[in-house]
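What follows draws every value from the coordinates through simple rules; no lab data is involved. Quantities reported herein were computed from a predicted structural model and do not represent experimental measurements. FYI the Cβ positions are ideal-geometry reconstructions off the backbone, even for glycines, and counts take in every protein chain you see.
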Amino acid sequence: MTGYLDSTDTKPSCVINYDYTRFLCESNKYNRTFIKTLLHLVPWSFSSDDEKKERCFPSEEFAKIASQSLSSLNSDVSNLIMLIELARVRHIHQLNIMLPYSLDEKELAKIIKHTEAQLQQFSEDREYLQVTLM
């Protein structure tokens, strides 16, 4: 995952790459108990002040927040909507989401309806969804 600030415009904009495929692989590694599943559904954040002071790249920070908010129990479309809303709250202007497969028209329409974001799907070396937030 990479993140960088692109200052080609007069306003700096943040562009983040997020590997959703990696999230899916990592989420399937863990045995789920009822309590773990319940805690995973609610994005709890227990961190000390020292952890908050630690600086990291925007992509690393976004990945940490996303891992607390996404769930393998949700549909991919629901998780992608959550990712886009997290990006909006974090003032990320472009989010590139690496996917294990391409989305169909119904899935794209549902995401656009819920997020009002501009979406472009690419199938180059691998599938990814480019999300532009206004």
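Before moving on, here are some points about what is shown:
- With the highest mean first, a sort of the peptides 81-90, 123-132, 104-113 on other beta-carbon atoms found within 10 angstrom per residue produces 81-90, 123-132, 104-113.
- For residue 133, the residues 5 or more places off, or on other chains, whose built amide H falls under 5 Å of its own are 94, 95.
- Taking θ as phi - 60° and the Karplus parameters 6.51, -1.76 and 1.60, the scalar couplings of segment 97-108 work out to 10, 6, 10, x, 7, 7, 8, 8, 4, 5, 5, 4 Hz in sequence order, x denoting glycine and proline.
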